[in-house]
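As structure tokens, the structure follows; a few thoughts come after it.
The values are calculated or read from the model by the stated rules, or taken from the named source; none is laboratory data. As the structure is a prediction and not an experimental result, all values here were calculated from the model. Note: ideal-geometry Cβ built from the backbone for every residue, glycine included; neighbour counts use all protein chains shown.
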């Protein structure tokens, strides 16, 4: 680390509040060191009133930033350019400089796809997908599945049918696949889950310390599903445990966390960091309370 950090080193930061819990500094600084790149990644706790000032400083020689809660939506307005996906999702998690212009995008979908590919699951557009939740992650992944033509149909299922239908309506024009919103656990959702081949939990239900909670009753699983939980702490949620018991392919969000970070890394450095420089057990030791 000492030999890399000179006057010519480039800085990348994490903008959020709070940031003390984040493992992004460990991931990125490990990658910079492994590849011998003169970069350093630092977390910055930024209150909402200071966000504009913090983002403005990126223009003075910094390589870029990650953006996390609660700034992902507001950061959009300070960008010179945003990706089509960020425009659709209404959020950014990655800022980078291109030809002097500050650009924003979101790398969560790329992380999601690569995490599934690591499990041998490539989305080719033939899936009937169901997303649980109506928040930012659900919006981002739903928009990506439509824009990237990764599903045949898409259902948003949430505890509030109004929120599910509102989200479905807001993204349905992004692709040709039909999109609908339903209440989780309703007879309509049961029918749609019966033909579901890709089920994605984008809620925080089951996250540590509430490890006995689950967003969906086990009766809704079928063995033809690939089940993905964006939660990565604990490493195996009740949701995933019950899905696996029903014969589903079940994966958690830890590799999504890693790969979305490595996609951001590419925007800042122009370098693809190989995932094999990270040991999954090491990642789990940073975040998981099993």
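All of (1) surrounded by fewer than 17 Cβ atoms within 10 Å (Cβ to Cβ); (2) closer than 17 Å to residue 261 by Cβ; (3) touching a helix residue (DSSP H, G or I) at 6+ places or on another chain (Cβ under 7 Å) hold for residue 74 with one exception: (2). With respect to the conditions (1) surrounded by fewer than 19 Cβ atoms within 10 Å (Cβ to Cβ); (2) within 20 Å of residue 265 (Cβ to Cβ); (3) in the same structural domain as residue 184 (by TED's automatic domain parsing); (4) in contact with a strand residue (DSSP E or B) (Cβ under 8 Å, 6 or more places away or on another chain), residue 97 lacks only one, and its number is (3). Residues considered: 239, 265, 278, 228. Of these, the only one that is touching a residue at least 60 places away in the same chain (Cβ under 8 Å), assigned by TED's automatic domain parsing to the domain that holds residue 141 and surrounded by 18 or more Cβ atoms within 10 Å (Cβ to Cβ) is 228.
Among the listed residues 54, 87, 119, 91, identify the single one that is touching a strand residue (DSSP E or B) at 6+ places or on another chain (Cβ under 7 Å) and under 30 Å from residue 251 (Cα atoms).
Numbers: 54 fails: under 30 Å from residue 251 (Cα atoms); 87 fails: touching a strand residue (DSSP E or B) at 6+ places or on another chain (Cβ under 7 Å); 91 fails: touching a strand residue (DSSP E or B) at 6+ places or on another chain (Cβ under 7 Å).
The unique qualifying residue is 119.
Of the residues examined, residue 203 is one that is under 18 Å from the mean Cα position of the chain (by Cα), surrounded by 16 or more Cβ atoms within 10 Å (Cβ to Cβ) and assigned by TED's automatic domain parsing to the domain that holds residue 132.
When the criteria are applied in full, residue 20 fails the requirement of being at pLDDT 95 or above and either assigned to a helix (DSSP H, G or I) or in the same structural domain as residue 279 (by TED's automatic domain parsing) (or both).
Surrounded by fewer than 20 Cβ atoms within 10 Å (Cβ to Cβ), more than 21 Å from the chain's Cα centre (by Cα) and on the phi > 0 side of the Ramachandran plot: is that true of residue 7 in this structure? Before the answer, list the steps.
Details: surrounded by fewer than 20 Cβ atoms within 10 Å (Cβ to Cβ): yes; more than 21 Å from the chain's Cα centre (by Cα): yes; on the phi > 0 side of the Ramachandran plot: no.
No; evaluated as a whole, the condition is false for this residue.
In a residue-by-residue description of the range 118-131, the property of being part of a helix (DSSP H, G or I) and crowded, with 21+ Cβ neighbours inside 10 Å applies to no position.
Filtering 14, 51 for residues that are part of a helix (DSSP H, G or I), assigned by TED's automatic domain parsing to the domain that holds residue 274 and either farther than 27 Å from residue 233 by Cβ or free of Cβ contacts under 8 Å to residues at least 60 places away in the same chain (or both) leaves a single hit, 51. Here residue 87 meets the list (1) surrounded by fewer than 22 Cβ atoms within 10 Å (Cβ to Cβ); (2) touching a residue at least 24 places away in the same chain (Cβ under 8 Å); (3) over 15 Å from the mean Cα position of the chain (by Cα); (4) closer than 30 Å to residue 129 by Cβ almost entirely, failing just condition (2).
Do you know which residues across the range 58-71 are part of a helix (DSSP H, G or I) and either surrounded by 15 or more Cβ atoms within 10 Å (Cβ to Cβ) or touching a residue at least 60 places away in the same chain (Cβ under 8 Å) (or both)?
Kept after step one, since they are part of a helix (DSSP H, G or I), are these residues of the range 58-71: 58-59.
Of everything in the range 58-71, just one residue is part of a helix (DSSP H, G or I) and either surrounded by 15 or more Cβ atoms within 10 Å (Cβ to Cβ) or touching a residue at least 60 places away in the same chain (Cβ under 8 Å) (or both), namely 58.
The test for being touching a strand residue (DSSP E or B) at 6+ places or on another chain (Cβ under 9 Å) and surrounded by fewer than 19 Cβ atoms within 10 Å (Cβ to Cβ) does not hold for residue 218. Of the strands (runs of 3 or more DSSP E) lying entirely inside the range 140-255, the ones with 3 or more residues being at pLDDT 95 or above, farther than 30 Å from residue 275 by Cα and in contact with a helix residue (DSSP H, G or I) (Cβ under 8 Å, 6 or more places away or on another chain) are found at 153-158, 179-183.
Taken together, the criteria place residue 147 among residues that are more than 24 Å from residue 231 (Cβ to Cβ) and surrounded by 17 or more Cβ atoms within 10 Å (Cβ to Cβ).
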